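Take a look at the structure set out below.
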Amino acid sequence: MINELKQLEINALAELKTAKTEEHFSNIRTKYLGRKGLLTGLLRNISQVPDVEKPLLGKLSNELKNLLNAKIEEALRQQAIRNKEDVLLKEKIDVTLPGNAIKCGRIHPVIQIRREICSIFVSFGFSVVEGPEIELDYYNFEALNIPQDHPARDMQDTFYISDNVVLRTHTSPVQIRIMEKVRPPLRILSPGKVYRRDSDVSHTPMFHQIEGLLVDKGISFGDLKGILTAFLKKIFGENTTLRFRPSFFPFTEPSAEVDIRCVICGGNGCRVCKQSGWLEILGSGMVDPSVFQNVNYDSEEYTGFAFGLGLERIAMLKYGISDIRLFFENDIRFLKQF
Amino acid sequence: MLVSLKWLKDYVNIELTTEDLAHRLTMSGLEVEEIKTVHPQFSGVVVAKILSVKPHPSAERLSLCTVSDGVQNYPVVCGAKNISQGDIVPLAKVGAIIPGGYTIKSSLLRGEKSDGMICSEAELEIGDDKSGIMHLPADLPLGLPLEKALNIEDTVLDINITPNRSDCLSMIGIAREVAAITGKKIKFPTVKIKESNEDINSLASVKIIDSDFCPRYTARMIKSIKVGSSPVWMRARLEAAGMRAINNIVDVTNFVMLEMGQPLHAFDFRFLEKEKIIVRKSKENEEFISLDGKSRTLPADTLLICDGVKPVAIGGIMGGLNSEVKEDTQVVLLESAYFSPSSIRRSARKLAMPTDAAFRFERGIDPEGVVKALNRAAQLISEISGGTIYKNYIDEYPKKIPLTKDIPLRLDRIRQIIGTEIKAKDVTGILRSIGMVLKQKGKGTYLVTPPSCRVDISREIDLIEEVIRLYGYDHVPVTLPIVDVKEMELTPRLDMEERIRQLLTGSGYTEIVNYSFGTPQAADILSLPENDERRKTVMIKNPLGEDLSAMRTTMICGLLETAKKNANNGSFNLKLFEIGRVFINSSKDELPEEKNMVAGLLTGEITDEFWCSGKTVDFYLLKGSLENILFDLKINNCRYIASSIEPFLHPGKSCGIYLNDKKIGFLGEIHPDVLEKIDFKNNLYIFEINLDILEEVYEKKKISYREISKFPAVMRDAAFVIPDAMEADQMINIVLDQKEDLLEKVIIFDVYKGKGIVEGKSLGLRFFYRAPDRTLTDLETNAVHDRIVQNTVNLTGAKIRT
């Protein structure tokens, strides 16, 4: 009888292995452990077994019962998990389809450059100020030491609204407007649109400038070099080589043009730098005493420097853009690249 | 300014390489923009001698020459008449290349062998003379390449002269700079005048009526001149400087202008009636034909050089056709004058005649150089054209041209400006190297007198600039200013702009920047009524084109145009915004009003890859973007008013946006008529908001925390059937105006029309009730809810939908 019990175990385990569905498992349970099941049937004949074997047989049959029950439970549990997974797998989606949130837009590349430059100077303690884009001749020229009938007016071809009113040709008039209101010390930055009567691959009739001004006691040309060097290294990288060379702006004296080593050719000479190895980046200089006089600053007590740069030019160099007009054509295929 | 190095070397020794020279000039303020090499346009052309000339046996107009290059004799067939035995000529040998890329080959001309070509100036593009073979000086060694013999190769520097440096608009001026930066001495041309016995004063006179415009007028006369072409050397120099050779008289005036910076003019004396020069201002609308043959109507106060009867030149700008030097001119009156810079500039601008002469006069010429240049030109004319110079010169000098003298210069001030100490010895050395005269005046102070050519120097700061420029900007140590440390903040408006930028780009909008000017038709395209503020357009007097002549009064047109351009490029799904200014003409103020605006546009599908939604943009998407902006700026009390209609918007799908009864902008769908005008197919949705008005509120907005209730909210829904014309906003306001404390918020969960609704529409409202200190009971909730619903029904006549 013990042998029969063993055989029963072998058969039951074999059947369990091949079972696939929940139904199979419950059939197996019924077949072996049910009231009319094989194990029950076998135990019905226990009376024929000698008494000494009875306890052993009882123990073995109990063990078999527990074993089968556990096996079936486990198999059913596994099966339930599999079933759930099957359901989930049937819900499988194509994860390579594009997401459907609204795609981000972009900030205009020139405005991105403006933010970058403003944040550098704000960290240097400059405050950002603004002024009108349509300006009086006085602020745009006269007060900046560019009198009527002065050849320096040729440097900037001007749009006129009337004899006395112009589209500002630079952001420098903001200097004057602020200095008229505020006594030194002063550290200001004025970004904005400016207008010049010019249009070709490297000129648009409107573009963006940032102008900076620092006035205090004891400000020198060395300080101008220091601040602008720190700034240009932040924008173009720590290894940027730069040079200051004499130039002329009516409202600064001495005046300096600041060049950086050509970012395209590294100084070997290329089309962008006109073979010179250098790129003009900004104009600067010590504020001319006559400008201070126009705003009633004492030029013996205070000195200062000013600088100005064109944002499109910086953006063109940073992004390798060769036609400035692209910035204002607003082709979405262009704008989305930044 | 184009500077020929060969020419420059006439006045100063240069030992530097061209690159070094260019660098040194650039670093001292004369920016060399380009270095150009001038090459001859030929090769294989040598100096040769004609050994014999015989007539061609079968061609009357040709001759047979034997030509030697010193090594070998060549048979050459030649068609020119001006050759004879012994002449030294340029020979293009077999294999030579002449301008135009022609290669000389051995050939038979009418049966006679020709091994080369004897050339004219024109054929070699050395000059314009094509009348015959070019004759070379007899002392040139035979066989020498012609480019060497004529010294044609040259290097030309293109130097950018800043407007203050009028002294550098001449070869001698550049030479002065080179001498200063290299420590060399400058060599001035020696001027020797051989005068005849006849005195100019017995033949001609000068009278200056307007001495403000013309403080000084000098003249010389030369007779018996022979007008012809200038010698090769002079033409080469003029051409290197970018000027065209004309004849030996005009060329000399140009040459001396380039050499010394003093513009000159030569009149044919025959045409000066009454042998007089009278300098006066023009009357309004005087007519005059200038040298270039153009008839010009002169504005009043143009300086005129006249003879006893009529104008003969526009002073300082251009001569007249009636008195120009012609082929048969024999006597010239040469003018060298000083004209007031501002008057020349005004006239040159008004007349649109930016001539080389005007360019120099308006920047200020050397007052002391007037007579020097007069003599130099007289000498050259007499040398080149064989003329005789009359005795003496006329020098009308009614008004002293002021020269700057004794400018005080303090070494302390130099240190203050530069930030570093430069030794007194170096300062004085630098200033003396550019011709300044210094006198010590007490310790650390000098009195400095600049040379008369430096009209740009009148103040101490001008001297300091000279010192630092020649000391070298590179030698100034880098320092950092000592200032208070404080990090600054953006102004509220710029801060607001930044937030809007972030938010809109995050919601899918891309920023554009349009020109602030556009077509004056903008107001018509938008169908704006006559009295609309946006018709008060600021116009540009000198625009680049009519379509760029009107300052924008709204950003909408720019957005529409951008949408149109992008659609033309195949981009139909657009979300765009722009932040910028619009300009409204003001009748009161000189300057127009500038308003800061943000505007946006939507069109097409919500996303480019619309596999998942396939939805096109609509009014509510745009409104949502706007609400987000206002929410972010903590501006919660805006109202959307449908009765506020913009003529360019769909009257049923648009509204005005109001903040505290002030209109801050609008949004809506573009009117079909406007779409038709701009030929756009898809629907467009736009908004525009005035940021200046928002700024007033934005500044004052502070966040104060409100406690969050720990107790649950109770929700109740109710659907009201109301007339179509009734707006959701009105319903919400009626609910909120009841000011029930327990009502936390009310939202719209459904808008329904159709089956079951006979008339009007159903508006489903969801009410949230909550108490801060307890869980509400059903009883409490129902009481409030029923009250609100009943009141609302009473106030609106709505029916409750069940």
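Residues that are buried (at least 16 other Cβ atoms within 10 Å of the Cβ), under 40 Å from the mean Cα position of the chain (by Cα) and assigned by TED's automatic domain parsing to the domain that holds B:Q730 number at least 2 in none of the strands (runs of 3 or more DSSP E) confined to the range B:600-696. Taken together, A:G304, A:G308 contain a single residue that is more than 14 Å from every other protein chain (Cβ to nearest Cβ) and in a strand (DSSP E or B), which is A:G308. When residues in the range B:385-431 are screened for being of a type in the set (D, E) and either within 14 Å of chain A (Cβ to nearest Cβ) or buried (at least 16 other Cβ atoms within 10 Å of the Cβ) (or both), 3 of them pass.
Quick grid of which residues meet (1) surrounded by 13 or more Cβ atoms within 10 Å (Cβ to Cβ); (2) small (G, A, S); (3) in a strand (DSSP E or B); (4) not assigned by TED's automatic domain parsing to the domain that holds B:K93:
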site	(1), (2), (3), (4)
B:I50	yes, no, yes, no
B:K54	no, no, yes, no
B:E60	no, no, yes, no
B:V67	yes, no, yes, no
B:V71	no, no, no, no
B:V76	yes, no, yes, no
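Counted as qualifying within the range B:260-371 are the strands (runs of 3 or more DSSP E) with 1 or more residues that are more than 29 Å from the chain's Cα centre (by Cα), namely B:264-268, B:276-281, B:286-289, B:303-306, B:311-314, B:332-338. Put simply, of A:D259, A:D323 the only residue that is in contact (Cβ under 8 Å) with a residue 12 or more places away in the chain, away from chain B (no Cβ under 12 Å) and among the acidic types (D, E) is A:D323. Being within 7 Å of chain B (Cβ to nearest Cβ) and of a type in the set (V, I, T) is true for just one of A:T229, A:T204, A:T169. Which residue is that? Criteria check complete, one pass: A:T229.
If you go through the range B:202-212 and pick out every residue that is within 25 Å of B:T388 (Cβ to Cβ) and surrounded by 14 or more Cβ atoms within 10 Å (Cβ to Cβ), you end up with 4. One residue stands out among those in the range B:541-553 that are closer than 23 Å to B:K677 by Cα and of a type in the set (S, T, N, Q): the one that is farthest from the other protein chains (Cβ to nearest Cβ), which is B:T553.
This table checks each residue for (1) of a type in the set (A, V, I, L, M); (2) surrounded by fewer than 14 Cβ atoms within 10 Å (Cβ to Cβ); (3) part of a helix (DSSP H, G or I); (4) in contact with a Lys or Arg (Cβ under 8 Å, 6 or more places away or on another chain).
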{"position": "A:I28", "(1), (2), (3), (4)": "yes, no, yes, no"}
{"position": "A:Y32", "(1), (2), (3), (4)": "no, no, yes, no"}
{"position": "A:K36", "(1), (2), (3), (4)": "no, yes, no, no"}
{"position": "A:S47", "(1), (2), (3), (4)": "no, yes, yes, no"}
{"position": "A:V52", "(1), (2), (3), (4)": "yes, yes, yes, no"}
{"position": "A:L56", "(1), (2), (3), (4)": "yes, yes, yes, no"}
{"position": "A:E63", "(1), (2), (3), (4)": "no, yes, yes, no"}
{"position": "A:E74", "(1), (2), (3), (4)": "no, yes, yes, no"}
{"position": "A:R77", "(1), (2), (3), (4)": "no, yes, yes, no"}
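Within the span defined as the range B:432-441, one or more residues are away from chain A (no Cβ under 14 Å), surrounded by fewer than 14 Cβ atoms within 10 Å (Cβ to Cβ) and either assigned to a helix (DSSP H, G or I) or in contact with a helix residue (DSSP H, G or I) (Cβ under 8 Å, 6 or more places away or on another chain) (or both). Scanning the range B:716-772 for residues that are within 17 Å of B:Y640 (Cβ to Cβ) and either loosely packed, with under 12 Cβ neighbours inside 10 Å or not β-branched (V, I, T) (or both) gives B:A725, B:M726, B:E727, B:A728, B:D729, B:Q730, B:M731, B:N733, B:L736, B:I747, B:V751, B:L763. Taking the range B:762-777 as the range and being touching a residue at least 24 places away in the same chain (Cβ under 8 Å) and out of contact with any Asp or Glu (no Cβ under 6 Å at 6 or more places or on another chain) as the test, the residues that pass are B:S762, B:L763, B:L765, B:F767, B:Y769, B:A771, B:P772, B:D773, B:R774, B:T775, B:L776. Scanning the range B:491-540 for residues being at the interface with chain A (Cβ under 7 Å from one of its Cβ atoms) and either part of a helix (DSSP H, G or I) or at pLDDT below 95 (or both) gives a total of 8. The residue that is nearest to the other protein chains (Cβ to nearest Cβ), among those in the range B:128-170 that are small (G, A, S) and under 35 Å from the mean Cα position of the chain (by Cα), is B:S166.
Total residues in the range A:122-153 satisfying the condition of being within 26 Å of A:L167 (Cα to Cα) and at the interface with another protein chain (Cβ under 9 Å from one of its Cβ atoms): the figure is 17. When the residues of the range B:22-39 are filtered to those that are more than 10 Å from chain A (Cβ to nearest Cβ) and farther than 17 Å from B:I434 by Cα, the one that is nearest to the chain's Cα centre (by Cα) is B:K36. Residues to consider are A:V49, A:V122; find the one that is assigned by TED's automatic domain parsing to the domain that holds A:N296 and touching a residue at least 40 places away in the same chain (Cβ under 8 Å). The match here is A:V122. Restricting attention to the range B:447-481, the residues that are facing chain A (nearest Cβ under 7 Å), of a type in the set (V, I, T) and not in a helix (DSSP H, G or I) add up to 3.
Looking across the range B:697-712, the residues that are in a loop (DSSP other than H, G, I, E, B) and of a type in the set (D, E, K, R) come down to B:K701, B:K702, B:R706, B:E707, B:K710.
Checking B:V455, B:V467 one by one, the residue that is in contact (Cβ under 8 Å) with a residue 12 or more places away in the chain, touching a Gly at 6+ places or on another chain (Cβ under 7 Å) and surrounded by 20 or more Cβ atoms within 10 Å (Cβ to Cβ) is B:V455 and no other.
The values are calculated or read from the model by the stated rules, or taken from the named source; none is laboratory data. Note that this is a predicted model, so its numbers are computed, not measured. Quick reminder, even Gly has a Cβ in these numbers, built from the backbone with ideal geometry, and neighbours come from all protein chains shown.
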